[in-house]
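**Student:** Below is one structure. I have some questions about it.
Please treat every number below as a calculation from the coordinates, not as lab data. As the structure is a prediction and not an experimental result, all values here were calculated from the model. Cβ: placed from backbone, ideal geometry, glycine included. Neighbour counts: every protein chain shown.
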Amino acid sequence: MAGWFQNLKNSLSKTSSKIVQGLTSLILKRKLDQEILDELEEILIMSDLGVEVSKTLIANLKALKFDQEITLEEIKLFLAEEIAKILQNVEQSFEIKEESKPFIIMMVGVNGAGKTTTVAKLCKLFKNQNKTVKCIAGDTFRAAGSAQLDMWGTRIGVEVVTGDSGTDPASLVYRGVQSAMSAKDDVLVVDTAGRLQNNAGLMDELGKIYRVIQKQDETAPHEVLLVLDATVGQNAHSQVELFSKIVKVSGLVIAKMDSSAKAGVIVGLAQKFKLPIYFMGLGEGAEDLEEFKAKEFSYGLLGLDIDGDTKR
Ligand SMILES: Nc1nc2c(ncn2[C@@H]2O[C@H](COP(=O)(O)OP(=O)(O)O)[C@@H](O)[C@H]2O)c(=O)[nH]1
Ligand SMILES: [Mg+2]
């Protein structure tokens, strides 16, 4: 479908304009000297790519072009290609395995990251693929948590398993898994709460939900997706570390790419954790979810266009 790359590029404009403005102020046409390299490194670090990635990119650029003439376009292209190489390692298409019925996806993440919205987007996506889908409103901690998903369910035509506010989430999840099993649903998406009084409470609850799922199907949950809010920048690193201690995170979803100026953080996350990035959230609507594509993301990040085919 034409236009999806433009949509991604527009979504990334807050981040890319920061990088591109920095670059534009830097270089007209001159030889690549140490001063430019230092300034360039600072721009990359300020753009949330992370210190380690930024240093590597600069070292590679230096090795290739030091003391030679270079244009702004060449630098952008170089960065886009190098960043794409890093991100290719975490580009992986999300697969619902047919042999697992239901294929159970558990969503985790801090409060406000975009979990519930992503649950709705995923349900819609699988429904569009003609799969039978259910979800569980496992955030019984917030009074509005379950109502929010219920409303989405009505809107997109997907059944939502809910309990009253304050219901024990683990028993709700048990009931939801049973229901999806007996209906032989293709996919079951489990929403969870993010903020509990403290980390111990969160660990306890997510651990319990994980075990309840596993008890009913020892191969499940088949995916544990950590939803990260792209606007939090470097803080995303500590969230990956925290949640990886609690559950076996199998992949990432980066929400709110469209409202972030810090989407560059993905590059550092990819380098450090090597977790697949499956999806990007590009808005608040049910359709505003795209598969993560390394090259498109990198080019969008540098405000560049891609010629020809954009892989979709
Ligand atoms: N712009 C934008 N907003 C989003 C996106 N994903 C979620 N949101 C908004 O972020 C807020 C928190 O989302 P929610 O799904 O309730 O987060 P949760 O607490 O993790 O379940 C809501 O206002 C959502 O509409 C996204 O990809 N883009
Ligand atoms: Mg929620």
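**Student:** Fully extended, how many nm does the chain gain between S13 and E42 (0.36 nm per residue separation, minus their Cα-Cα distance)?
**Tutor:** Contour length minus Cα-Cα distance gives 8.5 nm.
**Student:** Right, another one. How high is the relative contact order of the stretch 48-164? Use alpha-carbon pairs under 8 Å, at least six apart in sequence, and give a whole percent.
**Tutor:** 16 percent
**Student:** Please name which of G3, V110, L44 has its Cα lying farthest along the dipole of the chain towards the positive end, using unit charges on Cβ (Lys, Arg +1; Asp, Glu -1) and the Cα centre as origin.
**Tutor:** Projecting each Cα onto the dipole axis, the largest value belongs to V110.
**Student:** Hey, another quick one. Starting with the highest mean, order 256-268, 202-214 by the number of other Cβ atoms within 10 Å, averaged over the residues of each peptide.
**Tutor:** Per-residue Cβ counts within 10 Å, averaged per peptide and sorted highest first, yield 256-268, 202-214.
**Student:** Explain nothing, just compute: Karplus ³J(HN,Hα) = 6.51 cos²θ - 1.76 cosθ + 1.60, θ = phi - 60°, for every residue of the stretch 237-243 in order, whole Hz, x for Gly and Pro.
**Tutor:** Taking θ as phi minus 60°, the curve returns 4, 6, 5, 4, 4, 4, 6 Hz for the stretch 237-243.
**Student:** Run through all the Cα pairs of the chain and give the fraction in each 10 Å bin from 0, expressed as whole percent.
**Tutor:** Result returned by the calculation: 6, 27, 31, 20, 11, 5, 1.
**Student:** Which whole-number percent is the relative contact order of the stretch 186-312 (Cα, under 8 Å, 6+ apart)?
**Tutor:** 17 percent
**Student:** Also: So if R0 is 22 Å, what FRET efficiency would E81 and E241 give, r being the distance between their Cβ atoms, rounded to the nearest 0.05? Provide the component values of the computation, followed by the final result.
**Tutor:** Values: r = 29 Å, r/R0 = 1.34.
According to the calculation, E is roughly 0.15.
**Student:** Compute the normalised compactness of the stretch 1-139: alpha-carbon radius of gyration over 2.2 N^0.38 Å, N being the residue count.
**Tutor:** Taking the Cα Rg and dividing by 2.2 N^0.38 Å, one obtains 1.44.
**Student:** Where the centre of each part is set by its Cα atoms, how far does the stretch 161-189 sit from the stretch 235-300, in angstrom?
**Tutor:** Distance between centres, Cα-based: 27 Å.
**Student:** Enter the angle in degrees (range 0 to 90, nearest 10) between the Cα long axis of helix 13-26 and the first principal axis of the Cα atoms of the chain, meaning the one along which they spread out most.
**Tutor:** 20 degrees
**Student:** Taking 0.36 nm per residue of separation and subtracting the Cα-Cα distance, what length does fully extending Q68 through R142 add?
**Tutor:** Values: separation 74, 0.36 × 74 = 26.64 nm, distance 5.88 nm.
Full extension from Q68 to R142 adds 20.8 nm.
**Student:** Could I ask something else about it? In percent, what relative contact order does the chain have, based on Cα pairs under 8 Å that are 6 or more apart in sequence?
**Tutor:** Answer for the chain is 29 percent.
**Student:** Pop out the ³J(HN,Hα) list for the stretch 94-110 in order, Karplus 6.51 cos²θ - 1.76 cosθ + 1.60 with θ = phi - 60°, rounded to Hz; leave Gly and Pro as x.
**Tutor:** With the stated coefficients, the stretch 94-110 comes to 7, 10, 8, 7, 4, 6, 9, 10, x, 7, 9, 10, 9, 9, 10, x, 5 Hz.
**Student:** Could you sort out which of K97/K245; K245/K272; K18/K262; K65/K272 sit more than 20 Å apart by Cα distance in this structure?
**Tutor:** Pairs exceeding the cut-off: K97/K245; K65/K272.
**Student:** What base-10 log of the normalised intensity I(q)/I(0) is obtained for the stretch 158-287 from the Debye formula, alpha carbons as equal point scatterers, at q = 0.12, 0.17 Å⁻¹?
**Tutor:** -0.53, -1.03
**Student:** About its Cα centre, what dipole magnitude does the chain give when the only charges are +1 on Lys and Arg Cβ and -1 on Asp and Glu Cβ, stated in debye to the nearest 20?
**Tutor:** Numbers: 37 positive and 43 negative charges, 103 e Å.
It works out to roughly 500 debye.
**Student:** Could you give the length gained by full extension between D168 and N199, i.e. 0.36 nm per residue of separation minus their alpha carbon distance, to one decimal place?
**Tutor:** Taking 0.36 nm per residue and subtracting the Cα distance, the gain is 9.4 nm.
**Student:** In whole Hz, what ³J(HN,Hα) sequence does the stretch 67-79 give by Karplus (6.51, -1.76, 1.60; θ = phi - 60°), x for Gly and Pro?
**Tutor:** 6, 10, 6, 8, 9, 4, 4, 5, 5, 4, 4, 4, 4
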